[in-house]
Amino acid sequence: MLDLPAWTARGVLLGLDVAHAGSGPAKELDRARMALPGLYDRTPPSGSLSEVAPGDVAAGADLVVCRRGAAVKAACPVLAVDPEDEASWLIPEVVSGKGVPEALLLALGVARVDRLTAWGTTDPAALVGVLRTLRAAGQGAGRTIARTEALWPVARPDWSGPVVTADRVIPLDWTDYNGHMTEARYLHAFGDATDALMRMLGCDAAYIAAGNSFFTAETHIRHLGECLAGQRIRIDTRPVRIDGAKMHFFHSMWTDDRLVATGEHFMLHVSLRTRRPVPPQPPLDAGMARFGAVGSSRPEGVGRRVGDPR
């Protein structure tokens, strides 16, 4: 990267090894760490940063990113971008990049377009909210965000103890008037973790299309600490009781090894035709048996009633 601190931050936070020439990017890294990972539902891979002289930035590079109009000699593809304007670096679209392979653009979290969308705002929180909405709809720049995340490796579940079902950063638009994660987003985060658990067990899109799924019957969330925008959260999940169509399990949400919330959930495996409980079918039955055998002590907080003393 040639004197583009925010684009340097984008590359490092998306898992690339970046050589930067120009003014120090430390401040931009801090700012980007608050916003960029919130576009994604998983934590990006870790990248690295090295500072080099301008003449050395292209040495051994796969891609050089520079300001539009800069004179750059490089044997690799060159991506010329407009000078940064507030939070424009957050937008996963570029109008330049002719000759740059799509794989390199996606690794940087962007896609080439004929013209940029008229976003109408450069406020990071507003942009994150708009981009996440586009991602949920599978439209425009949201597709690029999803395609970039799909490049990241997915760890195989470790069934020897509580299973990691979420590892992500809290988006800027998940906070409330108190400045911490809003109440509804705890359920959102736990719901996403539950969906991940279902896929791990074998209740994926194909299984559901065949006519069976899970319905949630009961949920109890405890709020034990604050979570702020830009913080990384991890959710691990352990079984409480697995019995036929019944699945009772317990989520624990952590940030910086601090327990900040728990979610206790009871679900029923049902036929989507009759909307009534039925025994799980292969391969879900084996997945539920594997999860039920996870070795862990009964977590503190299981079965609590609202208002019980801590």
* The one condition in (1) touching a residue at least 24 places away in the same chain (Cβ under 8 Å); (2) at positive phi; (3) open to solvent by 50 Å² or more (accessible area, probe 1.4 Å) that E226 fails to fulfil -> (2)
* Qualifying residue in region 5-20 (condition: in a loop (DSSP other than H, G, I, E, B) and open to solvent by 20 Å² or more (accessible area, probe 1.4 Å)) -> yes
* To do: Name every residue in region 152-174 that is in contact with a helix residue (DSSP H, G or I) (Cβ under 8 Å, 6 or more places away or on another chain) and closer than 15 Å to P37 by Cβ, in order of residue number.
  => A166, R168, V169, I170, P171, L172, D173, W174
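State the number of residues belonging to region 51-80 that are surrounded by 12 or more Cβ atoms within 10 Å (Cβ to Cβ) and either under 26 Å from the mean Cα position of the chain (by Cα) or among the hydrophobic types (A, V, I, L, M, F, W, C) (or both).
Narrowing region 51-80 to residues surrounded by 12 or more Cβ atoms within 10 Å (Cβ to Cβ): 51-52, 54, 56-59, 61-67, 70, 72, 74, 76-80.
Cutting the leftovers down to either under 26 Å from the mean Cα position of the chain (by Cα) or among the hydrophobic types (A, V, I, L, M, F, W, C) (or both) gives us 52, 57-59, 61-66, 70, 72, 74, 76, 78-80.
Of the residues in that region, 17 qualify.
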* When P280 is evaluated against the numbered criteria (1) more than 20 Å from T182 (Cβ to Cβ); (2) part of a strand (DSSP E or B); (3) touching a strand residue (DSSP E or B) at 6+ places or on another chain (Cβ under 6 Å); (4) of a type outside the set (A, V, I, L, M, F, W, C), which criterion, by number, is the only one it fails? -> (2)
* To do: Could you list, in sequence order, all residues of region 149-192 that are assigned to a helix (DSSP H, G or I) and more than 11 Å from the chain's Cα centre (by Cα)?
  => L172, D173, W174, E183, A184, R185, Y186, L187, H188, F190, G191
* Report yes if W119 is aromatic (F, W, Y) and assigned to a loop (DSSP other than H, G, I, E, B), otherwise no. => yes
* Hey, L116 farther than 16 Å from P5 by Cβ, of a type in the set (A, V, I, L, M) and in contact with a Ser or Thr (Cβ under 6 Å, 6 or more places away or on another chain) or not -> no
* Working only within region 82-114, note down all residues that are among the small types (G, A, S), within 23 Å of A150 (Cα to Cα) and buried (at least 20 other Cβ atoms within 10 Å of the Cβ). => G97, G109
* To do: Would you check if there is a residue in region 196-209 being under 17 Å from the mean Cα position of the chain (by Cα), surrounded by fewer than 17 Cβ atoms within 10 Å (Cβ to Cβ) and not hydrophobic (A, V, I, L, M, F, W, C)?
  => yes
* Asked: Among the residues of region 58-69, is any in a loop (DSSP other than H, G, I, E, B), in contact (Cβ under 8 Å) with a residue 40 or more places away in the chain and basic (K, R)?
  -> no
* Look at V260 and say whether it is assigned to a loop (DSSP other than H, G, I, E, B), open to solvent by less than 30 Å² (accessible area, probe 1.4 Å) and out of contact with any helix residue (DSSP H, G or I) (no Cβ under 6 Å at 6 or more places or on another chain). => no
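Conditions tested, residue by residue: (1) within 24 Å of V113 (Cβ to Cβ); (2) of a type in the set (A, V, I, L, M, F, W, C); (3) at pLDDT below 90.
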| residue | (1), (2), (3) |
| --- | --- |
| G11 | yes, no, no |
| L14 | yes, yes, no |
| A21 | no, yes, yes |
| K27 | no, no, yes |
| R31 | no, no, yes |
| E51 | no, no, yes |
| R67 | yes, no, yes |
| D82 | yes, no, yes |
* **Leading residue by the ranking (modelled with the lowest pLDDT) among those in region 123-144 that are open to solvent by 60 Å² or more (accessible area, probe 1.4 Å) and not in a helix (DSSP H, G or I)** => D123
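Quick grid of which residues meet (1) of a type in the set (A, V, I, L, M, F, W, C); (2) open to solvent by less than 30 Å² (accessible area, probe 1.4 Å):
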{"position": "L2", "(1), (2)": "yes, no"}
{"position": "A32", "(1), (2)": "yes, yes"}
{"position": "A35", "(1), (2)": "yes, yes"}
{"position": "R42", "(1), (2)": "no, no"}
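Working carefully through the options T175, T117, find the one that is of a type in the set (S, T, Y), surrounded by 16 or more Cβ atoms within 10 Å (Cβ to Cβ) and farther than 29 Å from P282 by Cα.
Matching residue, one of T175, T117: T175.
The values are calculated or read from the model by the stated rules, or taken from the named source; none is laboratory data. Since the model is a prediction, treat every value here as computed from it, not as a measurement. All Cβ positions, glycine included, derive from the backbone under ideal geometry; neighbour counts span all protein chains shown. Surface accessibility is based on the protein's heavy atoms, side chains included, excluding ligands, DNA and RNA. Shrake-Rupley method; radii C 1.70, N 1.55, O 1.52, S 1.80 Å.
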